[in-house]
Amino acid sequence: MQENKSSRNVYILILLVMCLISFGLGFIVYKKINIKEIRHVPINNSITLNVLPVIPQDIDIKKSYVGNTLAINHVEIKPYVSGYIKKVDVKQGDSVFDGDLLLTIEPSEYIAKRDMAKASVLEAQASFDYNKNYYERVLKAGKKSFSEIERDNAKNNFSQAEAKLKSSLANLLLAEVDYNYTIIKAPISGLVGNFDLSIGEYVSPESGALLDIVQTDPIRVVFSLTDVEYLNLTKQSNTPFKYSVIKLKTANGDTFKHNGTFKYTDNKINKATNSLAVYVDFKNDDNELLPNSFVNIEVFNLLKDVILIDKTLVKMKDNGNFLTIARDKKIENHLVNILAEKSNFYILENNFDKNDFIVLDNIDDIKQGTELNFNIVEKI
């Protein structure tokens, strides 16, 4: 009986020792976990944030657009006078220059009308000279030599002769105009289109266009910018594309040998596409580009005094885009304007202060009142 009691006491002692050991191990583990939690989220302690200096720079970017070619001038040649075609001096597809002879309408009728008009001018001039001299003599002779009726008749005859001369000169001018229009010349330089004309064919103003000429040098290209792109360009300069190089790629992928020259933009935004038409001219001396072709436009812009920043650092919100910055030993959200994209970076307008720094670390877990220290890094 006594032996059983002793064995029971030993078991109880072993159980108490094991409980004490388990309690001790649990307390140690609990302390370690709490220490880690305290280190992970410091409360009212200091924390060091990595920050990047704001460094403005000039950056080249490339943007591509789809454009189409336009003829700056396109002229349809219509006859001003009627007659038979005497000669055709060009062929379909010819390249002509301003003032080159295109075709001739039989001029005989108009030469005769011009000669008749010249004869009428000579006759009117003689009548004018005679009546002028007579009227001047009447005036010099005085009232005693000629009656009032004679003086009035002399004046009237002189006025009629003067009017007749002016009318004859006007008719001669019209005859000259009609004759000159029998010789049809190119009003612009360009390429002659397809036509079907034969010598001896009768044409008149009612015949419509005889042929057409399309100006190809320079050639104009139109493409579209979004309203945001246009506003960002104007922030760089009052003249859009002032710092741009505009290149063209043809349908076969070749880069065109001449750069483009910005001419103008449309005077209003297209509501349907929310875009603005841009017009650029390209020298086209070899007629490689023809109107109504689709081409690719590449615009290389030099953005001056801008900030290049990793896209992951910019926070997109409903009320704008923001960067976390360090300013005067405090952190704040700073509204930014994105001008363009370049690979994994945004190009931002430089609206920062000289001593601003960009915060690189996540600040979501930082409690209010935490003391902040900043570690300046050169790049990321």
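Tell me yes or no: at least one residue of the range 277-286 is exposed (fewer than 13 other Cβ atoms within 10 Å of the Cβ) and either closer than 30 Å to residue 348 by Cα or of a type in the set (D, E, K, R) (or both). Yes, there is a match, as at least one residue in the range 277-286 is exposed (fewer than 13 other Cβ atoms within 10 Å of the Cβ) and either closer than 30 Å to residue 348 by Cα or of a type in the set (D, E, K, R) (or both). Applying the condition of being part of a loop (DSSP other than H, G, I, E, B) and among the small types (Gly, Ala, Ser) to the range 253-289 and asking which residue is nearest to the chain's Cα centre (by Cα) yields 272. The residues on offer are 337, 362, and the sole one that is within 26 Å of residue 61 (Cβ to Cβ) and not small (Gly, Ala, Ser) is 337.
Number of residues in the range 189-213 that are closer than 22 Å to residue 74 by Cβ and out of contact with any Gly (no Cβ under 6 Å at 6 or more places or on another chain): the value is 17. Could we say that residue 140 is assigned to a helix (DSSP H, G or I) and either under 34 Å from the mean Cα position of the chain (by Cα) or modelled with pLDDT under 95 (or both) here? Considered against the rule, which asks whether it is assigned to a helix (DSSP H, G or I) and either under 34 Å from the mean Cα position of the chain (by Cα) or modelled with pLDDT under 95 (or both), residue 140 comes out as yes. Those strands (runs of 3 or more DSSP E) of the range 24-91 in which at least 1 residues are modelled with pLDDT under 95 and touching a helix residue (DSSP H, G or I) at 6+ places or on another chain (Cβ under 9 Å), considering only elements entirely within it, cover 46-53, 57-70.
Taking the range 290-337 and the strands (runs of 3 or more DSSP E) fully enclosed by it, the elements with 1 or more residues that are touching a helix residue (DSSP H, G or I) at 6+ places or on another chain (Cβ under 7 Å) and closer than 19 Å to residue 364 by Cβ are at 320-327. The criterion of being open to solvent by less than 70 Å² (accessible area, probe 1.4 Å) and out of contact with any Pro (no Cβ under 6 Å at 6 or more places or on another chain) holds for residue 177. Residues of the range 110-142 that are open to solvent by less than 40 Å² (accessible area, probe 1.4 Å), touching a helix residue (DSSP H, G or I) at 6+ places or on another chain (Cβ under 9 Å) and either free of Cβ contacts under 8 Å to residues at least 12 places away in the same chain or of a type in the set (Phe, Trp, Tyr) (or both): 110, 128. Residues that are outside any loop (DSSP other than H, G, I, E, B) and not hydroxyl-bearing (Ser, Thr, Tyr) within the range 99-115 comprise 101, 102, 103, 105, 109, 111, 112, 113, 114, 115, listed in sequence order. Taking each residue of the range 84-107 that is at positive phi and looking for partners that are open to solvent by less than 60 Å² (accessible area, probe 1.4 Å) and hydrophobic (A, V, I, L, M, F, W, C) with beta-carbon atoms closer than 9 Å, six or more apart or interchain, yields 93/191; 93/192; 99/186. Under the condition of being over 21 Å from residue 232 (Cβ atoms) and either basic (Lys, Arg) or in contact with a strand residue (DSSP E or B) (Cβ under 7 Å, 6 or more places away or on another chain) (or both), the residues counted in the range 273-289 number 6. Scanning the range 43-62 for residues that are open to solvent by 30 Å² or more (accessible area, probe 1.4 Å) and farther than 19 Å from residue 330 by Cα yields 55, 56, 57, 58, 60, 62. Given the criteria surrounded by fewer than 17 Cβ atoms within 10 Å (Cβ to Cβ) and without any contact (Cβ under 8 Å) to a residue 12 or more places away in the chain, does residue 263 qualify? Against the criterion (surrounded by fewer than 17 Cβ atoms within 10 Å (Cβ to Cβ) and without any contact (Cβ under 8 Å) to a residue 12 or more places away in the chain), residue 263 does not qualify. Applying the condition of being surrounded by 17 or more Cβ atoms within 10 Å (Cβ to Cβ) and either polar (S, T, N, Q) or under 18 Å from residue 222 (Cα atoms) (or both) to the range 299-309 and asking which residue is nearest to the chain's Cα centre (by Cα) yields 299.
The values are calculated or read from the model by the stated rules, or taken from the named source; none is laboratory data. Every value quoted in this text rests on a predicted model; they were computed, and no experiment measured them. With ideal geometry, Cβ positions are generated from the backbone for all residues, glycine too; neighbour counts draw on all protein chains shown. Please note that ligands, DNA and RNA were not included when accessible areas were found on the heavy atoms of the full protein model with its side chains. Shrake-Rupley method; radii C 1.70, N 1.55, O 1.52, S 1.80 Å.
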